[in-house]
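See below for the structure under consideration.
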Amino acid sequence: MISLNIEKTLGFISKENVFAYEAQVKAAQEALENGTGKGNDFLGWLHLPSSITKEHLADLKATAQTLRNNCEVVVVAGIGGSYLGARAVIEALSNSFTWLQDKKTAPVILYAGHNIGEDYLYELTEYLKDKKFGVINISKSGTTTETALAFRLLKKQCEDQRGKDMAKKVIVAITDAQKGAARVTADNEGYKSFIIPDNVGGRFSVLTPVGLLPIAIAGFDIEKLVAGAVAMEKACGKDVPFAENPAAIYAATRNELYKNGKKIEILVNYNPKLHYVSEWWKQLYGESEGKENKGIFPAAVDFSTDLHSMGQWIQEGERTIYETVISVEKTQHSLQVPSDEANLDGLNFLAGKHVDEVNKMAELGTQLAHVDGGVPNMRIVIPALNEESIGGLLYFFEIACGISGYILGVNPFNQPGVEAYKKNMFALLNKPGYEEESKAIQARL
Ligand code: PA5
C-alpha cells in the first residue's frame, strides 16, 4: 500500500488550510460517485478496478499467450493515453537489460505511432525485417494520424513478412466497439479485438485492455496489477475519512500550493525505471487540468541523474515549484559497494553498504536541501516495484486527479485543446474536407 507524507510542505502552507479543503474534496467525491460533475460521461475509470472480471482477464491472458507464442517482438502502436500507461508499467517492472540479451523469456515490446519521425519509423521497420513480430493497434477514436500512419506501415510489413494468415493471428486491435478506421479494419481482417469503453478516456485507460494486454504480453501479472488498484480504490473511497485518504490529501495539498503561487509540480523519482510513470502522470494531470487558463504545470525529473542538470534550477531558480517524490522502499536486488585496497576514489567509507543506502541518503539530503531552498516537498512511498504497488499508484493518481480537477473547477475529463494542432496540420497537408482551413492557413504563412 502506498503512503503520502506532506510534512515538508508545511513550512510553506498550513495544515489547517489543507484540511480546510475537506468539504470541497467531499463534494468532488460525491460528484464523481453520483455522476453529477463536469465530464460525467467519462467516469468509467472510477470503479473500473473492482469491476474487472476473471473472464476478462482470462481472455486478455489467452490473447497475450498467442502473441507470446508467435512473436519475438510486439509493437504497441498508440499515442498519449493509448500507449503511456502500458509503457509506464512495462518499464517500471522490466529488467533494464534483458531486451539486449539473446535469451529472452518474453517478446521485446517496442512502441510506434507516438511520433511522426521518419527516421524512427524507418529504423523500426528495418529492425523488424528479420523478426517474427506482431502489432497491437491501439486507438480509441481509431483515426489518430500518428497511430494510423505507423499501423499502415506495420500491417503491410507484417503481412508481407509473415503471410496473411499469421498476420491475422498476431495483429490485435484495441479500439471503439463500433466506430473508427481501426474497428473497421479489425472487423474486415478478422483480427482479435478488445473494446475501449466509451466512458473511459485515453489517459484513464491503463486498466482497460489498452494497458493490460501489452503488460500481459511483456510477462507481468495483470491480476496482481488490478488487485493493487482495487486495494487503492478502497483506500481512497468516498467514505474514507479525509485525514486517512491519501488521494484526498494529495488533491487538497496541490491545490493549496497552487493557490500560494506554486504553479509547477515536479514529479521526482530516484529509480530510472519510473521514468515512464512520470510521463504517464504528466499526461494525466496536464490534459486533465490545463484548461481555462488554469492548471499546475506537471513536470518530471529522474534523480539523481537530473540533479546534475536540473538540480541547480530547482535549488535556486524561480520559487514557483514544488516537488512530489515517489520513493520506492525496497529494491528487487541486492548489491553492495566493494572495498578497494587502493581506495583512490575515497569510497571505502561506503564499502559493505547497499547501493540503495547511498540512493536513500541522496534522496533525504536532496529533500532537505530543496526544502531549505524554498521548494515544498511531498513524498509518496511505495513498498516495491511490483505489480501491486504500481497498480495502486496508478489508481491513486487517477482518483486524486479527478478530485483535484473538480476542486480547480475544470472538467478533468475532456481535452479540447488537443484539437488545435490537428486542425492546422490537416489544413497544411490539404486533407480533403479542410479546403477552407487550407486557404486560411496558407494566407497566414
Ligand atoms: O487522453 C487522451 O484522450 C489522448 O491522449 C488520447 O489517448 C490520444 O490522443 C490517442 O487517441 P486515440 O486513442 O483516439 O488514438
Are there helices (runs of 4 or more DSSP H) fully within segment 1-51 with at least 1 residues that are outside the structural domain of Ile321 (by the TED database), surrounded by fewer than 21 Cβ atoms within 10 Å (Cβ to Cβ) and of a type outside the set (Lys, Arg)? List them. 48-51
Restricting to segment 90-113, name every residue that is touching a Gly at 6+ places or on another chain (Cβ under 7 Å) and at pLDDT 95 or above. Gly113
For Glu329: the one exception among (1) acidic (Asp, Glu); (2) surrounded by 12 or more Cβ atoms within 10 Å (Cβ to Cβ); (3) more than 30 Å from Gly81 (Cα to Cα): (3)
Which residue is surrounded by the fewest Cβ atoms within 10 Å (Cβ to Cβ), if the candidates are limited to segment 265-306 and must be in contact (Cβ under 8 Å) with a residue 40 or more places away in the chain and assigned to a strand (DSSP E or B)? Lys294
Which of the strands (runs of 3 or more DSSP E) contained wholly in segment 90-199 include at least 2 residues that are small (Gly, Ala, Ser)? 133-139
Given (1) buried (at least 22 other Cβ atoms within 10 Å of the Cβ); (2) more than 18 Å from the chain's Cα centre (by Cα); (3) in a strand (DSSP E or B), Val375 misses just (3)
Here are some residues: Ile136, Ile195, Ile116, Ile174. Which one is within 25 Å of Ala420 (Cα to Cα) and either within 14 Å of the ligand (Cβ to nearest atom) or modelled with pLDDT under 95 (or both)? Ile116
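Each row is one residue, and each column tells you yes or no for (1) in a helix (DSSP H, G or I); (2) buried (at least 18 other Cβ atoms within 10 Å of the Cβ); (3) over 27 Å from the mean Cα position of the chain (by Cα); (4) in the same structural domain as Pro214 (by the TED database).
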| position | (1), (2), (3), (4) |
| --- | --- |
| Ser334 | no, no, yes, no |
| Asn343 | no, no, yes, no |
| Gly402 | yes, yes, no, no |
| Gly417 | yes, no, no, no |
Evaluate segment 209-224: report whether one residue or more is away from the ligand (no atom under 12 Å from the Cβ), in a strand (DSSP E or B) and within 26 Å of Ser51 (Cβ to Cβ). no
Check Tyr122 against each of (1) of a type in the set (Ser, Thr, Tyr); (2) under 14 Å from Tyr83 (Cβ atoms); (3) away from the ligand (no atom under 12 Å from the Cβ) and name the one condition it does not meet. (2)
How about segment 371-390: which of its residues are under 14 Å from Ile266 (Cβ atoms) and touching a Pro at 6+ places or on another chain (Cβ under 9 Å)? Ile380
Only residues that are part of a helix (DSSP H, G or I) and either within 16 Å of the ligand (Cβ to nearest atom) or without any contact (Cβ under 8 Å) to a residue 24 or more places away in the chain (or both): list them for segment 60-80, please. Ala62, Gln65, Asn69, Gly80
Verdict on Arg87 being touching a strand residue (DSSP E or B) at 6+ places or on another chain (Cβ under 7 Å), of a type in the set (Lys, Arg) and either in the same structural domain as Lys234 (by the TED database) or touching a residue at least 40 places away in the same chain (Cβ under 8 Å) (or both): yes
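The values are calculated or read from the model by the stated rules, or taken from the named source; none is laboratory data. The shown structure was predicted, so the numbers you read here are calculated from the model rather than taken from an experiment. As a convention, Cβ positions derive from the backbone with ideal geometry for all residues, glycine included, and neighbour counts pool all protein chains shown.
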